[in-house]
Amino acid sequence: LGLRLFDTAQQRIVDFRPHSTVRVYICGVTPYDTAHIGHATNFLSYDLLSRHLERRRHRVHLVRNVTDVDDSILPRARELGVHYLDLANAELARFTKDMEALGIRPPQEEPRATESMETIIALIQTLMERGHTYQVDGTTYFDIGTVPSYGSLSGYSHQLMLRLSLKRGGDGPRAVKRNELDFVLWKPSAESEPDWDSPFGEGRPGWHIECSAMAMSAHGTTLDLHGGGTDLIFPHHECERAQSEAATGEPFARHWMHCGVVTMAGEKMSKSLGNVVFVHDLLKRYEGAAIRLALMQRHYREGYEWQPDAVPRAQKQLQRLRAAATGSGGADPRPYLARVDAALDDDLDVPAALMAIDELAASILAGGENAAAPSALVDLLRFLGVDLGIGLGIEERVPG
Ligand SMILES: [Zn+2]
């Protein structure tokens with residue numbers, strides 16, 4: 001395998017050497033304001049990674065969790081006056097439909113936090129037995145002082161870690177905590193919130209421990225690749241790594257792949273800020289394939305500001321590709337196929353792959369001679385998940 005990918009922990013592009021079945025874990029959605037363009041961009045990157053690995057003859061086992069109980073879905077359900085699992089199910093159904101419309105294939109496994117409580121509790125118990133936890137007022141904390149490598153995934157300074165943990169759900173410095181960055185593994189539920197029985201009291205898990213438990217339950221102690229948005233590097237993934245390795249004594253993830261965050265008006269999209277573009281709204285006006293093409297114009301590591309004209313432009317590009325697909329001949333497709341593979345091997349450079357495909361299309365529209373060009377174009381686009389909705393690829397083409 002010639003794939004090279006940027007690894008967050010090492011801060012450089014490295015050879016990606018997975019098991020023959022690639023064990024991937026991606027942090028999924030908290031189903032309460034899901035399926036905006038930011039989610040789609042993120043999950044599309046891992047869909048493209050899977051497709052490229054499969055083309056390279058790997059099997060991919062991609063696990064993407066559902067955080068159906070945490071500090072953000074419960075207040076939202078309360079605000080709407082609905083049961084949090086009803087909210088989760090409705091949002092999840094919409095999310096699944098929207099991802100499908102964009103050609104983002106479902107994960108091989110989609111564990112839900114509320115259905116993983118036994119594993120979560122068992123993992124906290126292991127941490128307790130190994131001396132990595134302490135309890136204050138019914139809340140069980142992870143003691144980061146017991147893990148010397150804490151902070152080495154993100155490489156952030158203590159000040160930055162503190163600022164981000166406060167911004168992203170941590171409970172910050174409290175006199176009772178041993179270290180101000182210690183995080184919650186288990187805590188008593190607030191009034192009207194769901195709770196579960198555990199050896200450390202009735203309550204519910206913290207967010208980070210849910211992912212560690214679900215990831216290791218699906219894949220064993222060591223993943224080939226752990227993914228998510230760059231906004232999850234700290235504290236979420238830093239905490240996941242610390243507690244997982246503390247529990248097993250083994251490396252947790254051999255590779256960390258993070259995707260840039262899409263912004264609007266300079267801020268990460270979020271319902272509370274009102275700067276959200278939902279996939280289902282775009283689907284009322286544009287084809288799923290056009291939205292997908294629009295999101296493929298950026299390298300996965302690049303955070304970017306959403307451009308309202310990105311989808312209309314991609315819709316035009318799609319029409320051009322369609323016209324080319326029905327052409328009769330173009331350039332010899334082999335160099336273009338090689339360019340696509342090389343681009344994807346180079347830290348999953350999808351925009352460069354698309355550029356090669358566009359040039360192949362241009363050679364067809366210019367009336368080239370090689371009759372294999374149009375079907376090669378269709379196959380390349382299908383491999384990248386862009387459904388032209390016309391024509392047949394090489395394998396389905398009836399001979400004669
Ligand atoms: Zn997670």
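Odds and ends about this structure:
- Simple Cβ-charge dipole of the stretch 100-160, Lys/Arg +1 and Asp/Glu -1, about Cα centre, in debye nearest 20: 220 debye
- When the stretch 36-125 is described by a simple charge dipole with +1 on each Lys and Arg Cβ and -1 on each Asp and Glu Cβ, the residue from H36, A113, N89 located farthest towards its positive end is H36.
- About its Cα centre, the chain has a charge dipole of approximately 960 debye under the convention of +1 per Lys or Arg Cβ and -1 per Asp or Glu Cβ, with nothing else charged.
- Solvent-free Debye scattering, log10 I(q)/I(0), computed from the Cα coordinates of the stretch 93-215 at q = 0.16, 0.17 Å⁻¹: -0.89, -0.97
- Heavy-atom accessible area with a 1.4 Å probe sorts R204, R130, largest first, into R130, R204.
- Within the listed set A372, A314, A353, the Gaussian network model of the chain (springs between alpha-carbon atoms below 10 Å) gives the highest mean-square fluctuation for A372.
- Summing charges over all other residues whose Cβ lies under 10 Å from the Cβ of A361, with Lys and Arg as +1 and Asp and Glu as -1, gives 0.
- For the chain, DSSP calls about 45 percent of its internal beta bridges antiparallel.
- Each Lys and Arg contributes +1 and each Asp and Glu -1, all at the Cβ; summed about the Cα centre of the stretch 143-225, the dipole is approximately 440 debye.
- Exposure of S50 as accessible area (Å², to 10), given a probe of 1.4 Å and all protein chains: 10 Å²
- Neighbourhood charge, 12 Å Cβ-Cβ cut-off, centred on A246 and excluding it, Lys, Arg +1 and Asp, Glu -1: -3
- For the chain, relative contact order (Cα pairs under 8 Å, six or more residues apart, normalised by length) works out to 18 percent.
- Cα pair distances exceeding 17 angstrom across the stretch 2-72, given as percent: 54 percent
- Residue with peak Gaussian network fluctuation, the chain [Cα springs, cutoff 10 Å], from A356, A371, A40: A371
- Look at the alpha carbon pairs under 8 Å that are at least 6 residues apart: their mean separation over the length of the stretch 313-378 gives a relative contact order of 49 percent.
- Solvent-accessible surface (1.4 angstrom probe) belonging to D346, in square angstrom, nearest 10: 90 Å²
- Cα lying deepest toward the dipole's positive end in the chain, options L273, G131, M296, charges on Cβ: M296
- Residues R78, R105, sorted by accessible area with the largest first, give R78, R105 [1.4 Å probe; ligands and nucleic acids excluded].
- Computed with every protein chain present, the accessible area of S149 is close to 50 Å² [probe 1.4 Å].
- Across the stretch 236-303, the mean sequence separation of Cα contacts (distance under 8 Å, 6 or more residues apart), normalised by length, yields a relative contact order of 33 percent.
- Kirkwood estimate for the chain, i.e. one over the average of 1/r between Cα atoms, Å: 22.5 Å
- Sum of side-chain charges, D70 neighbourhood, beta-carbon under 9 Å (Lys, Arg +1; Asp, Glu -1): -2
- Principal axis box of the stretch 153-250, alpha-carbon based, largest edge first, Å: 38, 34, 24
- Sorting M216, M128 by solvent-accessible area of protein heavy atoms yields M128, M216, largest first, with a 1.4 Å probe.
- Max mean-square fluctuation residue, GNM over the chain, Cα-Cα springs under 10 Å, options V276, V82, V66: V82
- Adding -39500 (n - 2.57) for every DSSP H run of four residues or longer, then dividing by how many residues the chain holds, sets the calculated 222 nm ellipticity at -12500 deg cm²/dmol.
- Proximal lysines to K167, defined as alpha-carbon separation beneath 30 angstrom and excluding residues fewer than eight positions away on the same chain: K177, K187, K268, K271
The values are calculated or read from the model by the stated rules, or taken from the named source; none is laboratory data. Predicted model, so just to flag it, every value in this text is computed and none were measured. Every residue, glycine as well, gets a Cβ built from its backbone with ideal geometry; the counts of neighbours run over all protein chains shown. Protein only, heavy atoms only, side chains kept; ligands, DNA and RNA dropped before computing areas. Shrake-Rupley method; radii C 1.70, N 1.55, O 1.52, S 1.80 Å.
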